[in-house]
Amino acid sequence: MQLRQYHLIFALLLGFVILSCFLEIYSGLILRMAWPSEKIQAWQKSRPTHRMFQASSGQQTSNSRTKLPNGLQKMNLHPSVAPCEGGTPEPNLVFIKTHKTGSTTLSHIINRFGYTRGLSFALNKRQTNGHLGYINLSTTTPKEIFLPPIGVSNLSRTFMYNLMTGHARYDRAKMDAFMTSPIHYVTILRDPGHQFESAFSHFQFDDAFLSKERRHPKMMPAKIEHFMGKPEFYRDRLKHLSWEKQKGIRWYYAKNNQMFDMGLDHEHHEDGDMVSAYIDKLEEEMDLVLITEYYDESLLLLKSYLCWDTADILYVSKNVRLPSAPVSESLRKKLRQWNSVDMKLYKHFNDSLWNKIRVYGPNFQTDLAKFREQLKEVFDECVGDLEVSKHGRFKYFDYKVKAGSGVNCTLIVASKSALLSSIWQRQSQQTDTLVKGGNTQLSLNNSL
């Protein structure tokens, strides 16, 4: 008797499922007969779809179930900036300045845009070099650390800024709190096989070598090869050494430092699902991720997304590392394996960049050729001699402006420190901005 009841319940449930399927098919047929195809498409788009089944270019949606730690959850954001079609230039931008990716050149482009328009920067009031230092952002950071925005008193309860271009780890919620809305976020990534080579030289990771080891490898490739013989050992030694008055800071930059700059702590780097979920979060939150190896292509997309002019993205390279002995491809492979999380991040956003280039349309290559021709003209017109500088043992060069070439050339070619000093002094003194007829005209600081 009890068995028959189970059979009856099963039959009823089966019948209900079959009836539901029939009604779904029947309602679909009625819908197609009654509605035009464009209305059907609109209705389908409006239906709630589980995140697991949503298509997204360049994303691994299977990882969306992974729960990110507190403070790293995805934000509810405004839509990304659509490609510009004759709109107003976007003035509000956070540039997440990664290390040794060509980021100084890009920050100079953005700094020049803000300087010539009288915009307010999130600047460390204790440093004129534009770096925010190794600080943990909080709700009190603007009042405690930053210069006030232009035209805003120190006594104001809140500080809101247009631009942020100094080194600071990505922290969307805290950055949104002091940036003017609508705010847009961009960053730049580089192939770890090359980026880590540059980071090794800049951060002088060979300081971790034992005393008896330091005199043997002389050339940079040999030093990197030696480090990669026992990378965990040498990285751990960096915990006990200081850099820019911060003990142990180089430990964070000696492995997967691009992902670290983008906000994911090293404790999560061994969790593949966590890494994939965080990349998915960045895909949703970043308006554009530029790629160093495709610098000019990336800048064209930046111009389009932010409705800037071509003149706004003209550049001359900054902080260029002096040529050194070549690194073998086998060593670059080791660097990519050591920085495997950065490699995963880089591959994802390299694919994303090329998806955006395809969306740009058939004029992309023509526009790119025109842009590169303009860059050549700027270089010929504006660039004078080279100037070699040092940061510890790290040597780099900048170009000097050609004598008599004018203010525009000065702004493009000026060193990062010269332009940042002018920005810092203007915002700290707030005395050299003249507003005439709604246009901001700047009296350039003597450093330029």
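If packing is taken as the mean number of other Cβ atoms within 10 Å per residue, what is the order of 173-182, 331-340, highest first? Before the final figure, lay out each step's value.
Working: 173-182: 15.3, 331-340: 18.2.
Most protected by this proxy first, the peptides run 331-340, 173-182.
Give K239/K416; K255/K376; K143/K247 a once-over and call out the pairs whose C-alpha atoms are over 32 Å from each other. Before the final figure, lay out the partial values.
Values: K239/K416 30 Å; K255/K376 36 Å; K143/K247 26 Å.
The answer is K255/K376.
First select every other residue whose beta carbon is under 12 angstrom from the beta carbon of F397; then total the charges, Lys and Arg +1, Asp and Glu -1.
Working: positive: K318, R321, K390, K395, K400; negative: D385, E387, D398.
Net of charged neighbours comes to +2.
Percent of Cα-Cα pairs per 10 Å bin, from 0 to the last occupied bin, for region 309-364, please list those.
Final binned percentages: 16, 24, 39, 21, 0.
For region 109-203, divide the Cα radius of gyration by the Kirkwood radius and give the resulting Rg/Rh value with two decimals. Each step should come with its number before you reach the end.
Working: Rg = 14.8 Å, Rh = 14.7 Å.
Rg/Rh: 1.00.
How big is the dipole moment of region 294-422 about its Cα centre under a simple scheme where the beta carbon of each Lys and Arg is +1, that of each Asp and Glu is -1, and everything else is neutral? Debye, nearest 20, please. Write down the numbers at each step before the final one.
Values: 20 positive and 15 negative charges, 168 e Å.
Dipole size: approximately 800 debye.
Can you compute the charge dipole magnitude of region 196-352 about its Cα centre, using +1 on each Lys and Arg Cβ and -1 on each Asp and Glu Cβ, nothing else charged? Give it in debye, rounded to the nearest 20.
Numbers: 23 positive and 27 negative charges, 279 e Å.
Here region 196-352 has a charge dipole of around 1340 debye.
In Å², what does the accessible area per residue of region 257-327 work out to with a 1.4 Å probe?
Working: 2130 Å² over 71 residues.
Spelled out: the 1.4 Å probe surface of region 257-327, per residue, equals 30 Å².
For region 385-431, just the Cα atoms, rotate onto the principal axes and tell me the three extents in Å, largest first.
So the three principal-axis extents are 37, 29, 11 Å.
Modelled label-to-label distance, E213 and R321, 7 Å Cα→beta-carbon offset: nm?
1.9
In debye, nearest 20, what is the charge dipole magnitude of region 168-219 about its Cα centre with +1 on Lys and Arg Cβ and -1 on Asp and Glu Cβ, if you could check?
160
Using amide H atoms built in the peptide plane, which far-off residues or other-chain residues are under 5 Å from Y161 H to H?
It is M179, T180, by chain and number.
Within straight cross-link reach of K230, meaning Cα distance under 18 Å, which aspartates and glutamates are found once same-chain residues fewer than 8 apart are removed?
The reachable aspartates and glutamates, counting only those whose Cα sits under 18 Å from K230, are E197, D206, D207, E213.
What net charge is computed for the residues neighbouring Q337, neighbours being all others with C-beta under 15 Å from the C-beta of Q337, Lys and Arg scored +1, Asp and Glu -1?
Details: positive: K230, R235, K255, R332, K333, K334, R336, K344, K347; negative: D191, E197, E225, E232, E270, E329, D342.
Local net charge: +2.
The values are calculated or read from the model by the stated rules, or taken from the named source; none is laboratory data. Every value quoted in this text rests on a predicted model; they were computed, and no experiment measured them. Every residue, glycine among them, receives a Cβ derived from its backbone with ideal geometry; neighbour counts consider all protein chains shown. The area values use the complete protein model at the heavy-atom level, side chains included, leaving out ligands, DNA and RNA. Shrake-Rupley method; radii C 1.70, N 1.55, O 1.52, S 1.80 Å.
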